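Trainee: Below are the structure tokens for one structure; questions will follow.
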Ligand code: GUN
């Protein structure tokens with residue numbers, strides 16, 4: 001069993017981004033700039049946005065966190081997005097999800113100029129991704145692809161089983177793995193809550209991507225010997241064992257699955273760190289104008 005080490009890979013790629021950011025800043029007289037909008041005070045979202053902002057600083061980007069009370073109206077939020085769309089000093093804009101129930105996430109996503117949509121959630125980016133055209137790729141699937149590429153894992157012809165069909169991870173991941181690209185060229189099964197006999201489907205996977213949001217959901221009896229196991233889960237539970245007061249669990253029962261896997265990502269220290277890298281790479285591309 002080999003570890004897909006998100007700590008090591010993300011640190012290495014961030015060094016490259018830092019060099020490119022410095023070159024951009026020297027040439028343009030300003031830093032790449034990411035704006036993150038956070039509505040309300042969900043604990044997980046607070047942590048993720050703080051980490052995104054901190055990592056921007058680390059690689060030499062400017063970052064701005066705009067915060068709204070949970071009661072902000074959809075119209076006010078969209079007005080702010082439209083203002084940012086027009087600001088030439090802002091390269092990338094993300095609105096952290098989930099949003100409160102009174103705000104339609106699709107309307108918000110479509111309000112963001114696709115040229116600043118560094119989350120890659122806008123239908124234009126999604127469509128372009130499916131067509132293998134230059135676009136912003138959603139950060140988590142992008143990070144996973146970068147990780148597979150870093151380790152030189154040959155995915156062509158492999159059977160990939162994605163567990164979970166979210167807009168953020170499962171759905172774009174299934175598109176990327178099926179694309180005629182490297183990594184890619186997999187035969188993909190996208191499973192979800194209505195899949196019949198999930199265990200049989202997951203057992204077929206040479207590559208398993210678990211993105212379901214349930215602690216230890218993928219158990220050893222669901223995993224083929226030698227499978228590559230990618231754990232996207234970040235399930236938080238209160239704990240007195242840690243300084244932060246919570247502990248993270250993946251979607252994969254790591255202790256029992258790892259001995260069967262050829263490669264596996266740990267939680268923490270795996271995909272989560274790569275998500276940040278995906279976002280930083282997209283923001284740099286947005287600043288450089290290499291995609292649009
Ligand atoms: N919520 C969970 N993951 C993400 C992400 O990648 N982007 C945004 N905007 N919200 C998220």
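Trainee: I'd like to know how the chain sits against the 2.2 N^0.38 Å rule of thumb: what's its Cα Rg over that expected value?
Mentor: Numbers: Rg = 18.8 Å, N = 292, 2.2 N^0.38 = 19.0 Å.
Cα Rg divided by the expected 2.2 N^0.38 Å: 0.99.
Trainee: Something else: Whole angstrom only: what separates the Cα centroid of segment 233-268 from the Cα centroid of segment 37-97?
Mentor: First find each Cα centre; the distance between them is then 28 Å.
Trainee: Counting other C-beta atoms within 10 Å, which of 203, 279, 4 has the fewest, and how do the rest follow? All intermediate terms of the calculation are to be shown ahead of the outcome.
Mentor: Numbers: 203 15, 279 28, 4 25.
Ordered from fewest to most neighbouring Cβ atoms within 10 Å, 203, 279, 4 come out as 203, 4, 279.
Trainee: I want to check the label-to-label distance for residue 101 and residue 74. Put each point 7 Å from Cα in the C-beta direction and report it in nm to one decimal.
Mentor: Label-label distance for residue 101 and residue 74, simple model: 1.5 nm.
Trainee: So, R0 is 22 Å and r is the distance between the beta-carbons of residue 11 and residue 187; what FRET efficiency does that work out to, to 0.05?
Mentor: Numbers: r = 33 Å, r/R0 = 1.49.
Efficiency at R0 = 22 Å is approximately 0.10.
Trainee: Moving on. Arranged by the count of other C-beta atoms within 10 angstrom, fewest first, what order do 280, 58, 148, 97 take? Walk me through the numbers before you get to the answer.
Mentor: Details: 280 29, 58 13, 148 22, 97 17.
Ranking 280, 58, 148, 97 by Cβ neighbours within 10 Å, fewest first, gives 58, 97, 148, 280.
Trainee: Can you divide the C-alpha Rg of segment 139-274 by 2.2 N^0.38 Å and report the result to two decimal places?
Mentor: 1.00
Trainee: Which one of 154, 119, 87 has the biggest mean-square fluctuation once the chain is modelled by GNM with Cα springs under 10 Å?
Mentor: Ranking 154, 119, 87 by mean-square fluctuation puts 87 first.
Trainee: Also: Shape verdict for segment 243-292, please, from the Cα gyration tensor: rounded (a/c under 1.5), prolate (a/b greater than b/c) or oblate. Mind dumping the intermediate values first?
Mentor: Details: a/c = 5.14, a/b = 1.96, b/c = 2.63.
It comes out oblate by the Cα gyration axes.
Trainee: Can you tell which of 262, 73, 244 shows the greatest fluctuation in a Gaussian network model of the chain with Cα springs below 10 Å?
Mentor: Evaluated over the chain, the most mobile residue of the options is 244.
Trainee: A further question on this structure: Spin-label point model (7 Å from Cα, Cβ direction): what's the residue 225 to residue 244 distance in nm?
Mentor: 3.7
Trainee: Let me ask something else about it. Calculate how steeply helix 6-28 sits against the longest principal axis of the alpha-carbon atoms of the chain, using the helix alpha-carbon long axis, and give the answer as 0 to 90 degrees to the nearest 10.
Mentor: The two axes meet at around 20 degrees.
Trainee: Based on the Cβ-Cβ distance of residue 58 and residue 292, what FRET efficiency does E = 1/(1 + (r/R0)^6) give at R0 = 25 Å, to the nearest 0.05? Working shown, then result.
Mentor: On the way: r = 26 Å, r/R0 = 1.03.
With R0 = 25 Å, the Cβ-Cβ based efficiency is 0.45.
Trainee: Right, here's the next one. Name the residue, out of 138, 266, 88, whose mean-square fluctuation peaks in a Gaussian network model built on the chain with Cα pairs under 10 Å.
Mentor: So, out of 138, 266, 88, the one fluctuating most is 88.
Trainee: Within a 10 angstrom radius of the beta carbon, how do 129, 1 rank from fewest other beta carbons to most? Numbers along the way, then the final one.
Mentor: Details: 129 21, 1 12.
If I rank by nearby Cβ atoms, fewest first, I get 1, 129.
Since every read-out is calculated from the coordinates, none of them should be taken as a lab result. In this text, all values refer to a predicted model and were calculated from it rather than measured experimentally. Here the Cβ is made from the backbone with ideal geometry for all residues, glycine too, and neighbour counts use every protein chain on show.
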